[in-house]
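Asks: Below: one structure in structure tokens.
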Amino acid sequence: MAAGPVEIPPAVLVNAALPQPHHRTKGFRLAFKDVVDGLQRLFFTKNTILTMAASGTGGMEASVINMFSPGDEVIVASCGAFGQRWADISKAYGLTIHQIDAEWGKAVDVNAVAEKIKSVPNLAGVMTTFNETSTGVENDIKSIGELVKATNAVFIVDGISGVGAMPFKTDEWNVDVLVVGSQKGLMLPPGLAFVALSEKAKKRVETSKLPKFYFSFAKGLKLMVGEELPDTPFTPAVSLILQCREAIKLIEKEGIENVWKRGARMAEATRLGVKALGLKLLASANFSNVVTAVDCQDGAVDPSKVVKGLLGRFGISIIGGQGKLKGKIFRLGHVGYVDELDVLATIAALELVLKESGAQVKLGAGVSAVQEFLLKQGN
């Protein structure tokens, strides 16, 4: 019950045990094409999607070095640890950063982005996060995309944890570069980064002057658009790609809209269960359907004891806080291969761990709140 890596469906894991084809064979490239085509449907895009053997952060760094040149001016709109990561990567490559910092637990202010765009005449890019996993907040990507569309800048979005779990429409929302990780809503092990590139972004690839080799989008694009079947410039993570093909089948069998609805239902059930126990949510609006952050800054609950207690006694993995929220919150994930029973079990276990740690909670209160909500929702 973390926000990633998530639980992996057995049907996906089975593919890791199958004989591995050579990555330059026609058979593998046909499988890879299935993956690329499927991801285009799940990401709601007609754009080219590159696949890299890397974590999501690798996809983020690759996006920076392929979109910009030294000294380029960029806006980083951050509301948590992963938004700040855009700034850290940009700083490492010598970009000029104009940063917008929202209070952790709140979403990025779209009006602040609009004002900042007006103040940077030579703007090359705008970077932000779709789902801020460190705080449990969703940003308004559609509105920011409308703002960036009217400029020469490219709009780059960290969709690593949110895409596949919450509604996201790449083309409709004018996202030029979308980064997605394998170990979140796509229900895969860690190790793959997917990057979707608009035509605007592809043109920027041609002019970028930052150093690159392994993460060169130009190399990747050449093999994606110039071949009968898609290919990768370097050895791909064959097993993960075969698993991805199966995961896409599972998602499309359920229907991506139904996956979004299930995620929203599990998220709301979790929030209601937490609040019924007298706990406070870190966010007050723009709630993420990927992860719920529980605010422990009043000192009534020790989040480290909650994390250790759930894992040690019940084998349930959750996560604590990051950055300036370390030791101040705990986070309950409800993304991917998660259903009603998982949420009920987690809230029930949370009640016991809290009670044993001395917190003033009423046993059964959280579970009852979840059950009542689920009964109203129906199947």
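The values are calculated or read from the model by the stated rules, or taken from the named source; none is laboratory data. Given the structure is predicted, the values throughout are model-derived calculations rather than measurements. Counting neighbours? That spans all protein chains shown, and the Cβs are built from the backbone with ideal geometry, glycine included.
Asks: Within the stretch 13-51, can you find the residues that are within 18 Å of residue 237 (Cβ to Cβ) and not in a helix (DSSP H, G or I)?
Replies: Scanning the stretch 13-51 gives 18, 19, 20, 21, 22, 23, 24, 25, 49, 50, 51.
Asks: Between a first residue in the stretch 160-189 that is on the phi > 0 side of the Ramachandran plot and a second residue that is in a loop (DSSP other than H, G, I, E, B) and among the charged types (D, E, K, R), which pairs have beta carbons less than 7 Å apart while being 6 or more apart in sequence or on different chains?
Replies: 164/184
Asks: Restrict the check to the stretch 228-251 and report whether at least one residue is out of contact with any Phe, Trp or Tyr (no Cβ under 6 Å at 6 or more places or on another chain), charged (D, E, K, R), exposed (fewer than 15 other Cβ atoms within 10 Å of the Cβ) and within 29 Å of residue 167 (Cβ to Cβ).
Replies: Yes, some residue in the stretch 228-251 is out of contact with any Phe, Trp or Tyr (no Cβ under 6 Å at 6 or more places or on another chain), charged (D, E, K, R), exposed (fewer than 15 other Cβ atoms within 10 Å of the Cβ) and within 29 Å of residue 167 (Cβ to Cβ).
Asks: Quick one: which of 229, 282, 272 is touching a residue at least 60 places away in the same chain (Cβ under 8 Å) and within 24 Å of residue 377 (Cβ to Cβ)?
Replies: Every option except 272 fails the conditions.
Asks: Filter the stretch 159-183 down to the residues that are more than 15 Å from residue 335 (Cβ to Cβ) and surrounded by 24 or more Cβ atoms within 10 Å (Cβ to Cβ), then identify the one that is nearest to the chain's Cα centre (by Cα).
Replies: Result: 179.
Asks: Have a look at 335, 370 and point out the one that is buried (at least 22 other Cβ atoms within 10 Å of the Cβ), under 27 Å from the mean Cα position of the chain (by Cα) and part of a helix (DSSP H, G or I).
Replies: From the options 335, 370, the qualifying one is 370.
Asks: Now for a separate question. Would you mind finding the one in 38, 105 that is in contact with a Leu (Cβ under 6 Å, 6 or more places away or on another chain), touching a residue at least 24 places away in the same chain (Cβ under 8 Å), farther than 29 Å from residue 211 by Cα and of a type in the set (Gly, Ala, Ser)?
Replies: Answer to the selection: 105.
Asks: Further question on the same structure: Take the conditions assigned by TED's automatic domain parsing to the domain that holds residue 212, without any contact (Cβ under 8 Å) to a residue 40 or more places away in the chain and among the small types (Gly, Ala, Ser) and apply them to residue 92. Does it pass?
Replies: In short, yes.
Asks: Here's a follow-up. Residue under question is residue 108, and the condition is that it be part of a helix (DSSP H, G or I), in contact with a helix residue (DSSP H, G or I) (Cβ under 9 Å, 6 or more places away or on another chain), assigned by TED's automatic domain parsing to the domain that holds residue 238 and of a type in the set (A, V, I, L, M); does it hold?
Replies: So residue 108 fails the test.
Asks: A follow-up question, please. Just checking, does the stretch 318-332 include any residue being in contact (Cβ under 8 Å) with a residue 60 or more places away in the chain, buried (at least 19 other Cβ atoms within 10 Å of the Cβ), among the small types (Gly, Ala, Ser) and not in a loop (DSSP other than H, G, I, E, B)?
Replies: no
Asks: Taking the stretch 119-145, which residues are in a helix (DSSP H, G or I) and either touching a Pro at 6+ places or on another chain (Cβ under 6 Å) or buried (at least 23 other Cβ atoms within 10 Å of the Cβ) (or both)?
Replies: Passing the criteria: 141, 144.
Asks: Here is a follow-up. Only residues that are surrounded by 17 or more Cβ atoms within 10 Å (Cβ to Cβ) and either assigned to a helix (DSSP H, G or I) or in contact with a Pro (Cβ under 7 Å, 6 or more places away or on another chain) (or both): list them for the stretch 75-90, please.
Replies: 81, 82, 83, 84, 85, 86, 87, 89, 90
Asks: I need a count of the residues in the stretch 91-105 that are part of a loop (DSSP other than H, G, I, E, B) and surrounded by 15 or more Cβ atoms within 10 Å (Cβ to Cβ).
Replies: Qualifying residue count, the stretch 91-105: 5.
Asks: Right, something else. Scan 186, 223, 210 and give me the residue that is buried (at least 24 other Cβ atoms within 10 Å of the Cβ) and either in a helix (DSSP H, G or I) or not β-branched (Val, Ile, Thr) (or both).
Replies: Checking each option against the conditions leaves just 186.
Asks: Would it be correct to say that residue 309 is surrounded by 13 or more Cβ atoms within 10 Å (Cβ to Cβ), part of a helix (DSSP H, G or I) and small (Gly, Ala, Ser)?
Replies: Against the criterion (surrounded by 13 or more Cβ atoms within 10 Å (Cβ to Cβ), part of a helix (DSSP H, G or I) and small (Gly, Ala, Ser)), residue 309 qualifies.
Asks: Then there is this: Return the only residue of 169, 116, 202 being out of contact with any helix residue (DSSP H, G or I) (no Cβ under 7 Å at 6 or more places or on another chain) and not in a loop (DSSP other than H, G, I, E, B).
Replies: Of the residues listed, the single one that is out of contact with any helix residue (DSSP H, G or I) (no Cβ under 7 Å at 6 or more places or on another chain) and not in a loop (DSSP other than H, G, I, E, B) is 116.
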